[in-house]
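K.L.:
For reference, the structure I am asking about is given below.
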Amino acid sequence: MLKYIIKRLLWMIPIMLGVIIIVFSLMYITPGDTATILLGDSATPQSVAALNKKLGLDQPYVVQLFNYIKGIVLHVSLGTSYRTKQPVLNEILARFPNTLKLAALAIVLATIIGIVTGIISAVKQYKAADRIATGVALFGVSMPPFWLGLLLILVFSVQLNWLPSAGVATWKNWILPTITLGTAVAGIIMRMTRSSMLDVIRQDYIRTARAKGQREFVVIMKHEFRNALIPIVTIIGVQFGTLMAGAVLCENIFSISGIGKFLVDSINNKDYPCVMGTVLFVAALCTIINLIVDILYTFIDPRIKSVYKIRKRGADNG
Amino acid sequence: MNEKLLEVKDLVIHYFTDDEEACAVNGISFDLKEQEVVGFVGETGAGKTTTALGIMGLVPAPPGKVLNGEIIFEGKDIVKLSEAELRKIRGDKITMIFQDPMTSLNPVLTVGEQIAEVILLHNKISRKEAIERAKEMLEMVGIPGERHEEYPHQFSGGMKQRVVIAIALACSPALLIADEPTTALDVTIQAQVLALMKRLKTDLKTSMIMITHDLGVVAEICDKVAIIYAGEIVEFGTLAEIFEDHRHPYTEGLFNSIPDLDVDVARLPVIKGLMPAPTNLPDGCKFYPRCPYATERCKNENPDRVTITDTHIVRCHLFRSAESIKET
């Protein structure tokens, strides 16, 4: 198992290298001269050339790429922000806790609601409870988060004046963003749980469990849910990764200083080192989450674990 | 000693879909005495498994529904029992071996856990003791006890079926229903599983219902045989009566279609036609469209049970009670 984890971690190197090259190339071919933007319209050609030389932008593409990778590997540096002149990594790490907190709150809320309603929906297939739950889930998935966020602010902040609409000062500030971000994900998890459970409900071993005289609740939780878990965990992992990067709108609406908002601000200001750094940071997070999900698989399904294990005894000797 | 363990009277189970009604079981009646093994023989879709599920109280509802009949087990009517009462019987007094061992075991639980689960449900013992008992059960069906911590995918098909048998026998049931226990297995493993079942019959004296379409399996293990066609028992008798002195044209057709080692024929005789769909059964005798002896009466009137001997019952217009000469 340890060998497998190390192998997976080593695999992250070529993946990240690929991400770096793609992101760097995209930034390189983006039109617009950085120095001109930084200096403004009034800049002289001499000062533009001087700044380009200072930033290393007069070098050929390959050299720039190599320097960027060298910076990451040797100095754990993602470069310096053009705007704030601070190391990019520091800027990201300063904002990351807010993003992580928001994503974690949203995923926890979505997982609880999604799994509970998904199970109920599958067990009561085509009954009223199922119809209502699938209807609400469809609504949740279809609702654009920015629209839902604005509605929530309108009702709970403006009309009722119960909850704050911006900032991260108290725990109350987190309620509306969490609901805004979690609603769609809850719908996705609910639908996955339902279909995955329905697959398992028709399996013969469920009938075996009933034939043992087991209580229906235990049949559902011990036999059905555990077998339905793999696709559910997968979708939660994917959604968690997406939330890290995709909370942009939500962070903007609720004025939360996270990396999503930072990314948008950086793009608007052509602050390329910050854009690249943020994308790389999120990509690294996603691969780590994927690794954790893959490790979780082996705890859920022993068949997956045995693939990674070299067994001393033959699997089949009967 | 030889008391009635199970009495099924006029059992009717239908499946309802939005626009059709599938008549799976249409008035099945039979008795099962203690220590007796009765074989259910019939084509796929004849209602064998549905009857078995009815006895387990496990007919999937919806779409299934028990419309009529009694299933008296140890003096209680299973049809009328509550779910909680049924749960006490299931897995403890009546157990079932399902057809396909590959899919009958939960892939994410160890086999030991799966055997211990049924033991824990019906006995007041600790988890540790239950695991010990599960190991003993594995040994009994010929699997080393230390393999209890392994998962189903680590066993071969024949071994999985033995685990399924171990689950079914873990609480020493009074009645074991085996639903085609050897169908999904290859021939050598079939022989092993059959030998195991025979040992259970002689050692544990468990009553069994053996569902199969293999008359060879029936000859090996059964005391009595029920020939089932389109949800009805068309002939019921002891092993000797069915094999040596069968009366019903369908039974005759079944036996004629077994290859004979001494006679060289190009093609095996078959029963012409197909079993009627359970959604569209003929009036009168269900077998008349395929019956070589069918008359006008067979078309309109469903035959009653005709008693040939105390143990031999046949459902056919060709016979009268207590006489055994064909009319045509």
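K.L.:
Take each complete run of DSSP H in chain B, measure how far its Cα atoms stretch along the helix's own axis, and keep only those covering 27 Å or more with mean Kyte-Doolittle hydropathy at least 0.5; list them. Can you show the working numbers first?
P.N.:
Values: long enough: none.
Helices meeting the criterion: none.
K.L.:
Moving to a separate point now. Give me the orientation-averaged projected area of the Cα convex hull of region B:136-205, in nm², one decimal. Let's see the in-between values first.
P.N.:
Values: hull surface 18.7 nm².
Average of the hull's projected areas for region B:136-205 equals 4.7 nm².
K.L.:
Taking every alpha carbon pair in region B:1-154, what does the distance histogram look like in 5 angstrom bins from 0, in percent?
P.N.:
2, 8, 14, 17, 17, 15, 14, 9, 4, 1, 0
K.L.:
Within region B:99-120, whose backbone N sits under 12 Å from a point 7 Å along Cα→Cβ of A:VAL218?
P.N.:
B:114-120
K.L.:
Tell me, what is a quarter of the convex hull surface for the C-alpha atoms of region A:1-141, in nm² with one decimal?
P.N.:
Numbers: hull surface 58.5 nm².
Directional mean of the projected Cα hull area for region A:1-141 stands at 14.6 nm².
K.L.:
Kindly identify region B:29-94 as rounded, prolate or oblate by the Cα gyration tensor criterion: order the square roots of the eigenvalues as a ≥ b ≥ c, call it rounded if a/c is under 1.5, otherwise compare a/b with b/c, prolate if a/b is larger, else oblate.
P.N.:
Working: a/c = 1.72, a/b = 1.09, b/c = 1.57.
Because a/c hits 1.5 or more and a/b fails to exceed b/c, region B:29-94 counts as oblate.
K.L.:
What translational D, rounded to a whole number of µm²/s, comes out for region B:176-247 from Stokes-Einstein when the hydrodynamic radius is the Kirkwood one over Cα pairs, at 20 °C and 1.002 mPa s? Spell out each step's value before the answer.
P.N.:
Details: Rh = 13.0 Å.
Taking Rh from Cα pairs, D becomes 165 µm²/s.
K.L.:
Follow-up question, since we're still on this one. Counting partner chain Cβ atoms within 10 Å of every residue's Cβ in B:152-165, what's the average?
P.N.:
Values: counts 3, 6, 10, 4, 4, 2, 1, 3, 1, 0, 1, 0, 3, 0.
The mean count of partner-chain Cβ atoms within 10 Å per residue comes to 3.
K.L.:
Name the residue farthest towards the positive end of the dipole of the protein assembly as shown from the options A:PHE66, B:ALA52, A:LEU229, assuming +1 on Cβ of Lys and Arg, -1 on Cβ of Asp and Glu, about the Cα centre.
P.N.:
Of the listed residues, the answer is A:PHE66.
K.L.:
If one puts a single equal scatterer on every Cα of chain B and applies the Debye formula without solvent, what log₁₀ I(q)/I(0) results at q = 0.07, 0.12 Å⁻¹?
P.N.:
-0.30, -0.87
K.L.:
Still on this structure, please answer the following. Taking R0 as 35 Å, what's the FRET efficiency between B:THR183 and A:VAL116 from their Cβ-Cβ distance, rounded to 0.05?
P.N.:
On the way: r = 40 Å, r/R0 = 1.14.
In this case the efficiency is close to 0.30.
K.L.:
Let me ask something else about it. Round to the nearest 0.05 the FRET efficiency obtained for A:THR30 and A:ASP199 when R0 = 56 Å and r is the Cβ-Cβ distance.
P.N.:
On the way: r = 45 Å, r/R0 = 0.81.
Efficiency, from the Cβ-Cβ distance: 0.80.
K.L.:
To the nearest 0.05, what FRET efficiency results for B:ASP100 and A:TYR4 with a Förster distance of 35 Å applied to their C-beta separation?
P.N.:
Values: r = 32 Å, r/R0 = 0.93.
That gives a FRET efficiency of 0.60.
K.L.:
Given a cut-off of under 8 Å on Cα pairs at least six residues apart, what relative contact order in percent is computed for chain B? Display every interim value, and only then the final one.
P.N.:
Working: 618 pairs, mean separation 62.0, N = 328.
Relative contact order comes out at 19 percent.
K.L.:
Over the Cα atoms of region A:119-199, what is the Rg over Rh ratio if Rh follows Kirkwood? Don't skip to the answer; put the middle values down first.
P.N.:
Numbers: Rg = 15.4 Å, Rh = 13.9 Å.
Taking Rg over the Kirkwood Rh, I get 1.10.
K.L.:
Let me know the Rg and Dmax you get for the protein assembly as shown when you use only its Cα atoms, in Å.
P.N.:
That works out to 35.0, 122 Å for Rg and Dmax.
K.L.:
Determine, at each q value in 0.19, 0.24, 0.29 (inverse angstroms), the log₁₀ of I(q)/I(0) that the Debye formula gives when each Cα of region A:165-209 is one equal point scatterer.
P.N.:
Result of the Debye calculation: -0.67, -0.82, -0.93.
K.L.:
Determine the gain in length on full extension of the stretch B:HIS153-B:SER126; use 0.36 nm per residue of separation and subtract their C-alpha separation, reporting nm with one decimal.
P.N.:
Working: separation 27, 0.36 × 27 = 9.72 nm, distance 2.71 nm.
Length gained between B:HIS153 and B:SER126: 7.0 nm.
K.L.:
Would you calculate the separation in nanometres between label points at B:GLU7 and A:LYS85, each defined as 7 Å from the Cα along the Cα-to-beta-carbon direction?
P.N.:
10.1 nm
K.L.:
Which residues among region B:265-280 fall inside the zone where the amide N is under 14 Å from a point 7 Å beyond the Cα of B:GLU21, along Cα→Cβ?
P.N.:
Residues B:278-280 fall inside that zone.
K.L.:
Give the average, rounded to an integer, of partner chain Cβ atoms located within 10 angstrom of each Cβ in A:210-223.
P.N.:
Details: counts 9, 16, 18, 18, 7, 4, 2, 0, 2, 0, 0, 0, 5, 5.
Mean partner shielding for this stretch: 6.
K.L.:
Is there a simple number for the mean count of other chain Cβ atoms within 10 Å of the Cβ of residues in B:48-57, and what is it? Intermediate results must be reported in sequence, preceding the final value.
P.N.:
On the way: counts 0, 0, 0, 0, 0, 2, 0, 0, 4, 3.
Taking the mean over all residues of the peptide, I get 1.
K.L.:
If you don't mind, there's one more thing I want to ask. Between rounded, prolate and oblate, where does chain A land on the alpha carbon gyration tensor, with a ≥ b ≥ c its root eigenvalues, rounded for a/c under 1.5, else prolate if a/b exceeds b/c? Mind showing how you got there, number by number?
P.N.:
On the way: a/c = 3.29, a/b = 1.54, b/c = 2.14.
Oblate is the answer for chain A, as a/c is 1.5 or above yet b/c matches or exceeds a/b.
K.L.:
May I ask which residue of B:LEU120, B:VAL41, B:VAL270 lies farthest towards the positive end of the charge dipole of chain B, with charges of +1 (Lys, Arg) and -1 (Asp, Glu) on Cβ and the Cα centre as origin?
P.N.:
B:LEU120
K.L.:
Divide the volume of the convex hull of the Cα atoms of region B:245-288 by its number of residues and quote the answer in cubic angstrom per residue.
P.N.:
Details: hull volume 3.7 nm³, N = 44.
Roughly 84 Å³ of hull volume per residue.
K.L.:
Using helices alone, I'd like the mean residue ellipticity at 222 nm for chain B: each DSSP H run of four-plus residues gives -39500 (n - 2.57), total over residue count, nearest 500. Walk me through the intermediate numbers first.
P.N.:
On the way: 11 runs with 102 residues, N = 328.
Computed mean residue ellipticity for chain B: -9000 deg cm²/dmol.
K.L.:
Ok, one more. Once you have all Cα-Cα distances for region A:20-91, histogram them in 10 Å bins from zero and send the whole-percent values.
P.N.:
17, 49, 30, 3
K.L.:
Using the membrane-span-like helix rule (whole DSSP H runs, Cα extent along the own axis of at least 18 Å, mean Kyte-Doolittle hydropathy at least 1.6), which helices of chain A qualify? Display every interim value, and only then the final one.
P.N.:
Details: long enough: A:2-29 (41 Å, 1.90); A:61-75 (21 Å, 0.99); A:88-123 (50 Å, 1.68); A:128-142 (21 Å, 1.09); A:172-201 (41 Å, 0.80); A:226-246 (30 Å, 1.27); A:272-300 (42 Å, 1.96).
Flagged H segments are A:2-29, A:88-123, A:272-300.
K.L.:
Please compute, for the alpha-carbon atoms of region B:217-267, the extent along each of the three principal axes and give them in descending order in Å.
P.N.:
33, 24, 18
K.L.:
Return the percentage of antiparallel bridges among DSSP beta bridges fully within the protein assembly as shown, rounded to the nearest 5 %.
P.N.:
Around 60 percent antiparallel, to the nearest 5.
K.L.:
Which of B:LYS205/B:LYS286; A:LYS85/A:LYS261; A:LYS124/A:LYS212; B:LYS48/B:LYS128 have a Cα-Cα distance over 28 Å? Please list the in-between numbers first.
P.N.:
On the way: B:LYS205/B:LYS286 36 Å; A:LYS85/A:LYS261 18 Å; A:LYS124/A:LYS212 22 Å; B:LYS48/B:LYS128 38 Å.
Among B:LYS205/B:LYS286; A:LYS85/A:LYS261; A:LYS124/A:LYS212; B:LYS48/B:LYS128, the Cα-Cα distance tops 28 Å for B:LYS205/B:LYS286; B:LYS48/B:LYS128.
K.L.:
If each of B:VAL263 and A:ILE132 carries a label point 7 Å out from its Cα toward its Cβ, how far apart are those two points in nm?
P.N.:
Spacing of the two 7 Å Cα→Cβ label points: 6.8 nm.
K.L.:
Give me the orientation-averaged projected area of the Cα convex hull of region B:133-274, in nm², one decimal.
P.N.:
Values: hull surface 43.3 nm².
Convex hull of Cα atoms, orientation-averaged projection: 10.8 nm².
K.L.:
Same structure again: Quick one, can you get me the convex hull of the C-alpha atoms of region B:206-328 expressed as volume per residue in Å³? Provide the component values of the computation, followed by the final result.
P.N.:
On the way: hull volume 16.1 nm³, N = 123.
With only Cα atoms used, region B:206-328 gives 131 Å³ per residue.
K.L.:
Measuring from label point to label point, each 7 Å out along Cα→Cβ, what is the B:LEU81 to A:MET16 span in nm?
P.N.:
So the two model labels end up 6.2 nm from each other.
K.L.:
Pull up the DSSP beta bridges for chain B and report the antiparallel fraction as a percent, rounded to 5.
P.N.:
Values: 30 of 49 bridges.
Among the beta bridges of chain B, antiparallel pairing accounts for roughly 60 percent.
Each reported figure results from applying straightforward, stated rules to the coordinates on display, with no laboratory input. Predicted, not measured: the structure shown is a model, and the values here were computed from it. Here Cβ is always computed from backbone atoms with ideal geometry, including for glycine, and neighbour counts include all displayed protein chains.
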